[in-house]
Amino acid sequence: MRGMCLKYTGNRRKRERIMRLCSIASGSSGNCIYVGSEATHLLVDAGVSGKRTENGLNHLGITGKELDGILITHEHADHISGLGVMARKYGVPIYATRGTIEAIRNCGTIGRIEDSLFREVYEDTKLIIKDLTVNPMKISHDAAQPVAYRIAYGSRRVGICTDLGVYNDYTVECLKGMDALLIEANHDVNMLQVGPYPYYLKQRILGDRGHLSNENSGRLLSRILHDNLQTILLGHLSKENNLPELAYEAVRMEITMGENPYHANDFRLQVAGRSEMSPVINIA
């Protein structure tokens, strides 16, 4: 594979058409993903503290005031807990569906956000933010109006898709042709079933509006793999019901044993951590 996964040094690269993807945090306790080009800087979700978000941006050589937008997938706390701080401090536009915007406005834990900062997005309708093209896609999750996002810079495409209890042909079609993917591998089914969660919560997670298991993540990937896919990040792992090693091996097994022409070793596969940043993925 031609993909490269490098630690960014902070030196700006001039006139190179490089798209960057980095997980600042990914997991059931908080999610914040950076996607950008040389000119445009976006976050997908702001589910960790403002300080941690800023530290992550600074590690990438970016400041909060350089953000061009925050794309929100849905209103659950692990996706918006730092949104109020970032919005009020930097006046950064917030992109979300109408249902998600209304849910955020009714959320009492993140403080007031000026109405003028909200920008409504629509499923399957392109949105241009400077030199990036954003394509929201429908997902199945127990939130007001959740979406995942595909982001393009010229011919380079990144998909960020978590918090979906089930996938279908629509999901597969939306995620085909990506150069890099951050995709959910939330739980190990056995760990969840014997774990401490109450029955109703286990059923919610396992249901069609819950989260993808490690095995289902691998099965979804097996339907969208292609020769030019550079890097796969497994994200949104449950702290209580999963382990990075389990997610990694289960997804690898599904890819290798699945009905596709590939082996897991054909792709750069990594697990995005909940408490540390991922390496920066440069998509050239």
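The values are calculated or read from the model by the stated rules, or taken from the named source; none is laboratory data. It should be emphasised that the depicted structure is a prediction, and the values quoted were computed from it without experimental measurement. Cβ sites come from the backbone with ideal geometry, for glycine too, and all protein chains shown count toward neighbours. Note: areas computed on protein heavy atoms with side chains; ligands, DNA, RNA excluded. Shrake-Rupley method; radii C 1.70, N 1.55, O 1.52, S 1.80 Å.
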Just to be sure, is Arg274 farther than 13 Å from Leu225 by Cα and among the basic types (Lys, Arg)? yes
For Gly82, state whether it is touching a Leu at 6+ places or on another chain (Cβ under 8 Å) and modelled with pLDDT of 95 or more. no
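Determine, yes or no, whether Glu245 is surrounded by fewer than 15 Cβ atoms within 10 Å (Cβ to Cβ) and outside any helix (DSSP H, G or I). Reasoning before the result, please.
Details: surrounded by fewer than 15 Cβ atoms within 10 Å (Cβ to Cβ): yes; outside any helix (DSSP H, G or I): no.
So Glu245 fails the test.
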Within the stretch 135-145, take every residue that is polar (S, T, N, Q) and part of a loop (DSSP other than H, G, I, E, B) and give me the one that is most open to solvent (accessible area, probe 1.4 Å). Gln145
Out of (1) of a type outside the set (S, T, N, Q); (2) in contact with a Leu (Cβ under 8 Å, 6 or more places away or on another chain); (3) free of Cβ contacts under 8 Å to residues at least 60 places away in the same chain; (4) surrounded by fewer than 24 Cβ atoms within 10 Å (Cβ to Cβ), what's the single condition that is false for Cys32? (4)
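Rundown of residues vs (1) touching a residue at least 60 places away in the same chain (Cβ under 8 Å); (2) within 24 Å of Arg150 (Cβ to Cβ); (3) in contact with an Asp or Glu (Cβ under 7 Å, 6 or more places away or on another chain), yes/no style:
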| site | (1), (2), (3) |
| --- | --- |
| Leu71 | yes, yes, no |
| Gly91 | no, no, no |
| Ile94 | no, yes, no |
| Arg98 | no, yes, yes |
| Ile101 | no, yes, yes |
| Asn106 | no, no, no |
| Glu114 | no, no, no |
| Val121 | no, yes, no |
Given (1) under 22 Å from His141 (Cβ atoms); (2) of a type in the set (Val, Ile, Thr); (3) touching a Phe, Trp or Tyr at 6+ places or on another chain (Cβ under 9 Å), Ile80 misses just (3)
Say we look at the stretch 210-236 and pick out the residues that are hydrophobic (A, V, I, L, M, F, W, C) and part of a strand (DSSP E or B); which of these is farthest from the chain's Cα centre (by Cα)? Ile232
Within the stretch 27-42, does at least one residue satisfy the condition of being at pLDDT 95 or above and over 23 Å from Arg156 (Cβ atoms)? yes
Mind counting the residues in the stretch 184-209 that are assigned to a helix (DSSP H, G or I) and free of Cβ contacts under 8 Å to residues at least 60 places away in the same chain? 13
What number of residues in the stretch 123-134 are among the basic types (Lys, Arg) and either open to solvent by less than 30 Å² (accessible area, probe 1.4 Å) or touching an Asp or Glu at 6+ places or on another chain (Cβ under 9 Å) (or both)? 1
Within the stretch 90-103, can one find any residue that is aromatic (Phe, Trp, Tyr), surrounded by fewer than 18 Cβ atoms within 10 Å (Cβ to Cβ) and under 20 Å from the mean Cα position of the chain (by Cα)? no
Test: residue in the stretch 48-63 that is surrounded by 19 or more Cβ atoms within 10 Å (Cβ to Cβ) and within 16 Å of Ala143 (Cβ to Cβ): no
When the stretch 146-183 is examined, which residues are found to be part of a strand (DSSP E or B) and free of Cβ contacts under 8 Å to residues at least 24 places away in the same chain? Ala152, Arg157
Would you point out which residue out of Leu175, Leu229, Leu164, Leu212 is out of contact with any Asp or Glu (no Cβ under 8 Å at 6 or more places or on another chain) and crowded, with 19+ Cβ neighbours inside 10 Å? Leu175
